[in-house]
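Coordinate-derived values only; no laboratory data. Please read these numbers as outputs of a predicted model, since none were measured by experiment. Cβ atoms come from the backbone with ideal geometry, glycine included; neighbour counts cover every protein chain shown.
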């Protein structure tokens with residue numbers, strides 16, 4: 001009925017409804033925070049409690065990555081991912097019936113728990129069901145779905161009552177469960193469990209081919225899986241090449257977290273309401289979400305043309321420039337009280353451009369960079385450590401955004417972000433290695449020796465048949 005490509009896109013799109021819910025989780029507070037802090041709030045809270053309501057999703061992120069990875073290996077990618085649906089649905093039901101701040105804390109913690117599990121399992125599923133020819137396209141669906149979730153939240157949150165907003169949020173995980181339950185399991189999981197017949201059935205559905213036609217791919221999967229199940233060697237993890245890669249990623253996570261984009265998404269309405277704008281804050285937020293969504297696509301086009309290094313450098317420079325412009329504007333208009341005519345567009349344009357440049361490199365390209373820097377047998381360990389590191393910095397960035405805004409001024413958030421991005425630019429220029437067109441062995445050799453050995457070019461074909469296991473951390 002459908003071609004193999006169409007079936008793979010359908011399965012990936014269904015799985016990415018889970019990613020859609022993560023975008024909703026990130027952005028949920030933006031349209032309702034002002035209402036919840038007002039005198040007529042359905043759940044009265046202080047501004048400090050409101051900031052914790054935003055940040056507390058990161059506490060859930062600490063708990064689930066390791067159990068999620070374990071379940072994905074034990075019961076499969078499909079059923080592990082499906083389990084996030086009921087957890088997310090329950091969180092929205094708690095919010096609907098809760099009339100206390102503690103209830104919202106529980107709701108947000110459950111969402112953080114579910115969100116981190118989705119980050120671990122969903123990209124794994126996407127990478128394993130897709131053919132090599134469309135794997136890049138399928139991989140981008142995760143980021144696109146996340147930003148669609150942000151847009152969905154901004155639109156409905158600004159137009160619906162608080163209760164109807166929660167009901168519309170509950171619908172999404174229900175749709176996910178009703179559609180994804182009919183999708184096939186990853187053939188890689190079946191092969192890892194020596195269930196070749198089930199792997200063949202999965203491949204037959206995904207590729208729309210006969211059993212005979214998928215046998216060669218099954219052999220490739222077996223070969224790749226046998227390499228991936230090697231035990232993690234601590235000595236190898238501590239080796240020069242892997243440690244250099246790990247340290248590089250750790251620093252990128254620091255700079256990425258403090259660009260302020262993640263906090264801006266959570267506090268969008270509050271930020272845009274802090275100064276005179278050409279549209280009401282809620283509509284500015286919707287326009288901001290649309291720009292974030294559209295800005296993902298250039299990076300997917302240029303990643304294998306311009307390369308990772310160039311895009312990361314452009315991303316860092318762009319974020320720095322427009323963060324500093326936003327900081328200067330807020331300092332002049334809020335702190336010094338200057339009235340600058342015809343500049344109501346400045347905060348929106350500058351902050352939108354921060355988001356655009358973030359999505360040129362820091363956002364979507366962090367995932368493939370993680371996948372390319374680490375070998376299969378240490379990828380799980382690195383993923384767990386990096387996820388915990390991202391969670392810690394995410395929690396810090398959420399609270400820091402609130403504290404800087406309260407005690408110093410809104411401008412200080414963007415001044416801090418701009419300085420971080422300037423430092424990041426220097427760091428990336430000297431330490432970020434280009435991975436475009438290189439095999440894993442060549443990348444590891446570059447980390448080990450700092451230059452490429454011609455002999456390693458013979459190993460290109462060795463890595464072409466291995467599956468891409470995406471690691472996703474945050475927006």
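Taking only Cα atoms, what is the 0 to 90° angle, nearest 10, from helix 215-228's long axis to the longest principal axis of the chain?
It is inclined by approximately 70 degrees.
Pairs of Cα atoms under 8 Å, at least six residues apart: use those to get the relative contact order of the chain, whole percent.
22 percent
Which order do 392, 153, 333 fall in if you start with the one that has the fewest other Cβ atoms within 10 Å?
Ordered by Cβ neighbours within 10 Å, fewest first: 392, 333, 153.
Taking only Cα atoms, what is the 0 to 90° angle, nearest 10, from helix 162-180's long axis to the longest principal axis of the chain?
10 degrees
Hey, if you drop one equal point scatterer on each alpha-carbon of the chain and run the Debye formula without solvent, what base-10 log of I(q)/I(0) do you get at q = 0.09 Å⁻¹?
-0.60
Among 172, 191, 120, rank each residue by its count of other Cβ atoms within 10 Å, from fewest to most, as a rough exposure measure.
The fewest-first ordering by Cβ neighbours comes to 172, 191, 120.
Report, to the nearest 10°, how far helix 410-431 tilts away from the longest principal axis of the Cα atoms in the chain, using its own Cα long axis and a range of 0 to 90°.
For helix 410-431, the angle is close to 30 degrees.
Distance between the C-alpha centers of region 96-125 and region 241-299? Whole Å please.
20 Å
Within 10 Å of each residue's Cβ, count the other Cβ atoms and sort 449, 407 from fewest upward.
Going from sparsest to densest Cβ surroundings: 407, 449.
Would you calculate, for the chain, the mean residue ellipticity at 222 nm contributed by helices, counting each DSSP H stretch of 4 or more residues as -39,500 (n - 2.57) and dividing by all residues, to the nearest 500?
-24000 deg cm²/dmol
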